[in-house]
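Please read the structure below before turning to the comments.
The values are calculated or read from the model by the stated rules, or taken from the named source; none is laboratory data. This is a predicted model, so every value here is computed, not measured. A quick note on method: Cβ atoms are made from the backbone with ideal geometry, for glycine too, and the neighbour counts reach across all protein chains shown. For accessibility, only protein heavy atoms count, side chains too; no ligands or nucleic acids. Shrake-Rupley method; radii C 1.70, N 1.55, O 1.52, S 1.80 Å.
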Amino acid sequence: IVSLMLSFVMMGTGLKLRLSDFTKIFSGSDKMSVPIGLFCQLLITPLVALASSHYFLLRSKNGMDVLNESRRLLHLGLVLVGCSPAGAISNLMSLLSGANVALSVLLTSVSTLLSTAMTPFRVKSLIGGSATDMKINGMALCIATVKVILLPVLSGMAINAAFPLLTTNIL
């Protein structure tokens with residue numbers, strides 16, 4: 001049911017988009033938006049998660065060792081979340097805040113597709129190979145991305161293109 005709800009949110013997001021919104025990203029002053037966004041999502045976010053985890057979870061307090069199993073698992077979880085791609089909800093937040101929704105949809109889709117290989121690699125690089133034995137079903141992740149993000153956004157865009165007055169009245 002969550003996937004269905006997110007799909008409707010993404011369709012609503014697509015109602016605000018036109019093909020020209022995506023072409024603007026690759027022309028003019030927005031050309032560097034995708035590489036910069038991917039750099040932040042693929043490198044900066046995992047490093048911030050790692051640094052936060054080390055500071056808040058792995059440092060010792062008053063010289064006492066606080067590295068118990070639950071803290072190690074929380075550390076792994078925080079780094080895993082930092083290495084995971086942005087979700088569909090980031091597209092909604094972009095819409096609500098007046099940000100570049102087309103860029104958000106593009107970055108979410110690309111980072112999700114890249115995450116099939118990148119997430120296990122980044123987690124193992126940051127935590128260590130022995131800490132994780134992750135298996136990600138890349139095909140299932142790609143299919144979910146298409147179902148929950150791409151198809152609903154494209155459907156919303158198609159409705160917007162076919163019935164612009166309707167979408168203007170809805171939104």
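Give the total of Lys-Lys pairs in the chain with Cα-Cα distances below 26 Å; include a pair only if its members are 8 or more places apart or on different chains. Present the calculation step by step, with values, prior to reporting the outcome.
Working: Lys16/Lys24; Lys16/Lys31; Lys16/Lys147; Lys24/Lys147; Lys124/Lys135; Lys135/Lys147.
Taking the chain as the scope, the lysine pair count is 6.
Kindly rank 13-20, 27-34, 104-111 from highest to lowest mean number of other beta carbons found within 10 Å of each residue. Each step should come with its number before you reach the end.
Working: 13-20: 18.0, 27-34: 11.2, 104-111: 22.4.
Packing proxy ranking, top to bottom: 104-111, 13-20, 27-34.
Rank Phe56, Val148, Ala99 by how far each Cα sits towards the positive end of the charge dipole of the chain (+1 on Lys, Arg Cβ; -1 on Asp, Glu Cβ) and give me just the farthest.
After comparing all options, I get Phe56.
For the chain, take the longest principal axis of its alpha carbons; what is the angle in degrees between that and the long axis of helix 69-83, to the nearest 10 within 0 to 90?
30
Could I have the simple spin-label model distance between Met93 and Lys24, label points 7 Å from Cα toward Cβ, reported in nm to one decimal?
Between Met93 and Lys24, the simple spin-label model gives 2.2 nm.
Cα axis of helix 2-14 to longest principal axis of the chain: angle in degrees, 0 to 90, nearest 10?
Orientation of helix 2-14: about 50 degrees from the principal axis.
Could you check how much of the accessible area of the chain is carbon and sulfur, as a whole percent, using a 1.4 Å probe? The partial results should precede the final answer.
Values: 7170 of 10180 Å².
Ligands and nucleic acids excluded, carbon and sulfur reach 70 percent.
Filter the chymotrypsin sites (Phe, Trp or Tyr not before Pro) in region 1-81 down to the DSSP loop ones having no more than 11 other Cβ atoms within 10 Å, then list what survives. Numbers along the way, then the final one.
Numbers: sites: Phe8, Phe22, Phe26, Phe39, Tyr55, Phe56; in loops: Phe26.
Passing sites in region 1-81 are Phe26.
How far, in nm, would the chain grow between Ile159 and Leu114 when pulled straight, counting 0.36 nm per residue and subtracting the alpha carbon separation? List each step's numbers first, then the result.
Working: separation 45, 0.36 × 45 = 16.20 nm, distance 2.88 nm.
This chain segment gains 13.3 nm when fully extended.
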